Amino acid sequence: MTAEEITLARIFFENKVRSSDGNTFEDLFTQVMNYAEPDFEQIKPWGNIGDRKNDGFIRSKGIFYQVFAPEEIDKSYPDAISKLEKDFKGLISQWHPVKEFYFVVNDKYKGVHADSNNRIENIVKTNSLNKGKILTARDLERIVFTLPDDQILKIVSFLPNLNQLGNLDFSVVTQVIGYIMKLEVQPLNGQIKFPDWNEKITFNNLGESTKQF
(Lines give C-alpha, C1' and ligand atoms only; values in the text may rest on other atoms or scores of the structure.)
Protein backbone atom coordinates (compact mmCIF):
# COMPACT_ATOMS: atom_id res chain seq x y z
CA MET A 1 0.00 0.00 0.00
CA THR A 2 1.06 3.59 -0.54
CA ALA A 3 1.62 5.97 2.36
CA GLU A 4 -1.75 7.59 1.63
CA GLU A 5 -3.55 4.22 1.65
CA ILE A 6 -1.89 3.19 4.92
CA THR A 7 -2.93 6.49 6.51
CA LEU A 8 -6.50 5.93 5.36
CA ALA A 9 -6.44 2.33 6.60
CA ARG A 10 -5.27 3.55 10.04
CA ILE A 11 -8.21 5.99 10.19
CA PHE A 12 -10.63 3.21 9.21
CA PHE A 13 -9.17 0.86 11.83
CA GLU A 14 -9.38 3.52 14.54
CA ASN A 15 -13.03 4.18 13.67
CA LYS A 16 -13.70 0.44 13.84
CA VAL A 17 -12.14 0.22 17.31
CA ARG A 18 -14.04 3.25 18.60
CA SER A 19 -17.37 1.75 17.50
CA SER A 20 -16.64 -1.72 18.91
CA ASP A 21 -17.81 -2.81 22.36
CA GLY A 22 -18.12 -6.15 24.10
CA ASN A 23 -18.19 -9.15 21.76
CA THR A 24 -17.68 -6.99 18.68
CA PHE A 25 -14.29 -5.82 19.95
CA GLU A 26 -13.39 -9.34 21.08
CA ASP A 27 -14.13 -10.60 17.56
CA LEU A 28 -11.92 -7.85 16.11
CA PHE A 29 -9.10 -8.76 18.51
CA THR A 30 -9.44 -12.43 17.59
CA GLN A 31 -9.31 -11.64 13.87
CA VAL A 32 -6.09 -9.66 14.33
CA MET A 33 -4.45 -12.33 16.49
CA ASN A 34 -5.38 -15.14 14.09
CA TYR A 35 -3.38 -13.31 11.42
CA ALA A 36 -0.53 -12.18 13.67
CA GLU A 37 0.01 -15.48 15.53
CA PRO A 38 -0.53 -18.71 13.53
CA ASP A 39 -0.76 -20.73 16.79
CA PHE A 40 -3.36 -18.45 18.38
CA GLU A 41 -6.42 -20.34 19.64
CA GLN A 42 -9.74 -18.63 20.24
CA ILE A 43 -11.80 -19.68 23.25
CA LYS A 44 -15.54 -19.16 23.06
CA PRO A 45 -17.85 -19.43 26.11
CA TRP A 46 -19.67 -22.78 26.24
CA GLY A 47 -22.74 -23.32 28.41
CA ASN A 48 -22.12 -23.12 32.19
CA ILE A 49 -18.39 -23.66 31.58
CA GLY A 50 -17.92 -20.22 30.03
CA ASP A 51 -14.46 -19.48 28.67
CA ARG A 52 -12.62 -20.38 31.92
CA LYS A 53 -11.31 -16.78 32.06
CA ASN A 54 -9.45 -17.24 28.78
CA ASP A 55 -10.45 -15.31 25.63
CA GLY A 56 -7.58 -16.75 23.58
CA PHE A 57 -4.12 -18.17 24.01
CA ILE A 58 -0.95 -19.43 22.33
CA ARG A 59 -0.60 -22.86 23.89
CA SER A 60 2.98 -23.49 22.75
CA LYS A 61 4.22 -20.29 24.42
CA GLY A 62 1.98 -20.24 27.50
CA ILE A 63 0.59 -16.81 26.50
CA PHE A 64 -2.98 -15.97 27.57
CA TYR A 65 -5.30 -13.06 26.74
CA GLN A 66 -8.39 -11.68 28.45
CA VAL A 67 -10.47 -8.98 26.71
CA PHE A 68 -12.34 -6.09 28.34
CA ALA A 69 -14.36 -3.74 26.12
CA PRO A 70 -16.85 -1.54 28.02
CA GLU A 71 -19.01 1.05 26.25
CA GLU A 72 -17.58 3.89 28.33
CA ILE A 73 -14.02 3.24 29.45
CA ASP A 74 -13.92 6.49 31.48
CA LYS A 75 -16.61 5.19 33.84
CA SER A 76 -15.35 1.61 33.96
CA TYR A 77 -12.01 2.02 35.73
CA PRO A 78 -13.11 0.19 38.95
CA ASP A 79 -14.62 -2.60 36.80
CA ALA A 80 -11.36 -2.92 34.86
CA ILE A 81 -9.32 -3.39 38.04
CA SER A 82 -11.81 -5.89 39.44
CA LYS A 83 -12.01 -7.88 36.19
CA LEU A 84 -8.22 -7.89 35.75
CA GLU A 85 -7.61 -9.48 39.15
CA LYS A 86 -10.64 -11.80 39.08
CA ASP A 87 -9.91 -13.09 35.57
CA PHE A 88 -6.27 -13.81 36.29
CA LYS A 89 -7.15 -15.65 39.49
CA GLY A 90 -9.66 -17.77 37.57
CA LEU A 91 -7.20 -18.28 34.71
CA ILE A 92 -4.33 -19.76 36.75
CA SER A 93 -6.74 -22.08 38.55
CA GLN A 94 -7.80 -23.71 35.26
CA TRP A 95 -4.96 -23.32 32.73
CA HIS A 96 -1.31 -24.42 32.92
CA PRO A 97 1.33 -23.26 32.47
CA VAL A 98 0.69 -19.50 32.35
CA LYS A 99 3.93 -17.81 31.32
CA GLU A 100 2.57 -14.51 30.00
CA PHE A 101 -0.74 -12.71 30.63
CA TYR A 102 -2.17 -9.83 28.60
CA PHE A 103 -5.29 -7.89 29.58
CA VAL A 104 -6.65 -6.42 26.35
CA VAL A 105 -8.64 -3.21 26.95
CA ASN A 106 -10.55 -1.24 24.36
CA ASP A 107 -9.61 2.15 25.77
CA LYS A 108 -10.75 3.80 22.51
CA TYR A 109 -7.37 5.53 22.28
CA LYS A 110 -7.85 7.33 25.62
CA GLY A 111 -5.26 5.40 27.65
CA VAL A 112 -5.78 3.40 30.85
CA HIS A 113 -5.54 4.40 34.50
CA ALA A 114 -2.08 4.05 36.06
CA ASP A 115 -3.48 1.72 38.72
CA SER A 116 -4.31 -0.85 36.03
CA ASN A 117 -0.67 -1.00 34.95
CA ASN A 118 0.46 -1.20 38.58
CA ARG A 119 -1.91 -4.11 39.25
CA ILE A 120 -0.73 -6.16 36.28
CA GLU A 121 2.91 -5.49 37.16
CA ASN A 122 2.14 -6.81 40.61
CA ILE A 123 0.47 -9.89 39.10
CA VAL A 124 3.56 -10.57 36.95
CA LYS A 125 5.90 -10.23 39.93
CA THR A 126 3.80 -12.17 42.44
CA ASN A 127 3.19 -15.09 40.06
CA SER A 128 6.69 -15.14 38.54
CA LEU A 129 5.41 -14.63 34.99
CA ASN A 130 7.83 -13.97 32.14
CA LYS A 131 5.76 -11.03 30.92
CA GLY A 132 2.43 -9.29 31.36
CA LYS A 133 0.90 -6.06 30.16
CA ILE A 134 -2.24 -4.03 29.48
CA LEU A 135 -2.77 -4.06 25.71
CA THR A 136 -4.64 -0.99 24.46
CA ALA A 137 -6.14 0.02 21.11
CA ARG A 138 -2.80 1.51 20.04
CA ASP A 139 -1.01 -1.75 20.80
CA LEU A 140 -3.55 -3.61 18.67
CA GLU A 141 -3.08 -1.08 15.86
CA ARG A 142 0.69 -1.63 15.94
CA ILE A 143 0.14 -5.36 15.49
CA VAL A 144 -2.27 -4.80 12.60
CA PHE A 145 0.16 -2.66 10.62
CA THR A 146 2.92 -5.26 10.78
CA LEU A 147 0.67 -7.58 8.74
CA PRO A 148 0.69 -8.04 4.95
CA ASP A 149 -1.48 -5.59 2.96
CA ASP A 150 -4.18 -8.15 2.11
CA GLN A 151 -4.71 -9.00 5.79
CA ILE A 152 -4.85 -5.31 6.76
CA LEU A 153 -7.49 -4.73 4.09
CA LYS A 154 -9.51 -7.71 5.35
CA ILE A 155 -9.48 -6.24 8.88
CA VAL A 156 -10.41 -2.64 7.95
CA SER A 157 -12.96 -4.06 5.45
CA PHE A 158 -12.74 -1.43 2.71
CA LEU A 159 -10.53 1.22 1.16
CA PRO A 160 -11.79 3.57 -1.57
CA ASN A 161 -9.85 3.92 -4.82
CA LEU A 162 -7.78 7.06 -4.23
CA ASN A 163 -7.29 7.53 -7.98
CA GLN A 164 -11.03 8.03 -8.37
CA LEU A 165 -11.24 10.58 -5.57
CA GLY A 166 -9.36 13.13 -7.69
CA ASN A 167 -12.09 13.04 -10.33
CA LEU A 168 -14.93 14.35 -8.18
CA ASP A 169 -17.11 16.97 -9.86
CA PHE A 170 -17.75 19.91 -7.52
CA SER A 171 -19.64 21.99 -10.08
CA VAL A 172 -22.95 21.00 -8.47
CA VAL A 173 -21.82 22.78 -5.28
CA THR A 174 -21.37 26.00 -7.28
CA GLN A 175 -24.89 25.60 -8.65
CA VAL A 176 -26.39 25.12 -5.17
CA ILE A 177 -24.58 28.15 -3.73
CA GLY A 178 -25.61 30.26 -6.76
CA TYR A 179 -29.25 29.26 -6.26
CA ILE A 180 -29.17 30.12 -2.54
CA MET A 181 -27.57 33.51 -3.24
CA LYS A 182 -30.44 34.43 -5.56
CA LEU A 183 -33.16 33.63 -3.04
CA GLU A 184 -35.09 36.58 -1.68
CA VAL A 185 -34.47 37.08 2.03
CA GLN A 186 -37.74 37.09 3.94
CA PRO A 187 -38.05 39.70 6.73
CA LEU A 188 -38.41 38.35 10.26
CA ASN A 189 -41.84 38.88 11.77
CA GLY A 190 -42.05 39.37 15.50
CA GLN A 191 -39.31 39.39 18.11
CA ILE A 192 -36.36 37.03 18.09
CA LYS A 193 -36.30 34.82 21.17
CA PHE A 194 -32.76 34.03 22.30
CA PRO A 195 -32.09 30.76 24.17
CA ASP A 196 -31.62 30.67 27.91
CA TRP A 197 -28.02 29.45 28.23
CA ASN A 198 -28.41 28.24 31.81
CA GLU A 199 -31.33 26.06 30.76
CA LYS A 200 -29.29 24.63 27.86
CA ILE A 201 -26.35 23.90 30.17
CA THR A 202 -28.61 22.09 32.64
CA PHE A 203 -30.40 20.18 29.85
CA ASN A 204 -27.09 18.95 28.39
CA ASN A 205 -25.67 17.98 31.80
CA LEU A 206 -22.65 20.24 31.36
CA GLY A 207 -20.32 20.92 34.29
CA GLU A 208 -19.51 24.11 36.15
CA SER A 209 -16.21 24.69 34.28
CA THR A 210 -18.04 24.51 30.94
CA LYS A 211 -20.66 26.93 32.29
CA GLN A 212 -17.92 29.44 33.12
CA PHE A 213 -16.53 29.24 29.57
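The values are calculated or read from the model by the stated rules, or taken from the named source; none is laboratory data. All figures in this text were calculated on a predicted structure; none of them were measured in a lab. Cβ atoms come from the backbone with ideal geometry, glycine included; neighbour counts cover every protein chain shown. Accessible surface is based on the protein model in full, side chains and every heavy atom, while ligands, DNA and RNA are left aside. Shrake-Rupley method; radii C 1.70, N 1.55, O 1.52, S 1.80 Å.
Overview of values
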| quantity | calculated |
| --- | --- |
| All helices (runs of 4 or more DSSP H) inside region 1-105 with 2 or more residues being of a type in the set (Asp, Glu), open to solvent by 30 Å² or more (accessible area, probe 1.4 Å) and within 24 Å of ARG142 (Cα to Cα) | 3-18 |
| Checklist (1) in a loop (DSSP other than H, G, I, E, B); (2) at pLDDT 90 or above; (3) surrounded by 10 or more Cβ atoms within 10 Å (Cβ to Cβ) applied to ASN122, failing item | (1) |
| GLU141 touching a Lys or Arg at 6+ places or on another chain (Cβ under 9 Å), closer than 30 Å to PHE12 by Cβ and either modelled with pLDDT under 95 or charged (D, E, K, R) (or both) | yes |
| Every pair of residues 6+ apart whose Cβ atoms lie under 8 Å, when the first sits in region 10-31 and is free of Cβ contacts under 8 Å to residues at least 60 places away in the same chain while the second is surrounded by fewer than 16 Cβ atoms within 10 Å (Cβ to Cβ) and outside any helix (DSSP H, G or I) | GLY22/GLU71 |
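Each row is one residue, and each column tells you yes or no for (1) among the polar types (S, T, N, Q); (2) open to solvent by less than 70 Å² (accessible area, probe 1.4 Å); (3) assigned to a loop (DSSP other than H, G, I, E, B); (4) free of Cβ contacts under 8 Å to residues at least 24 places away in the same chain.
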| site | (1), (2), (3), (4) |
| --- | --- |
| GLY111 | no, yes, yes, no |
| LEU129 | no, yes, yes, no |
| ILE134 | no, yes, no, no |
| LEU140 | no, yes, no, no |
| ILE143 | no, yes, no, no |
| TYR179 | no, no, no, yes |
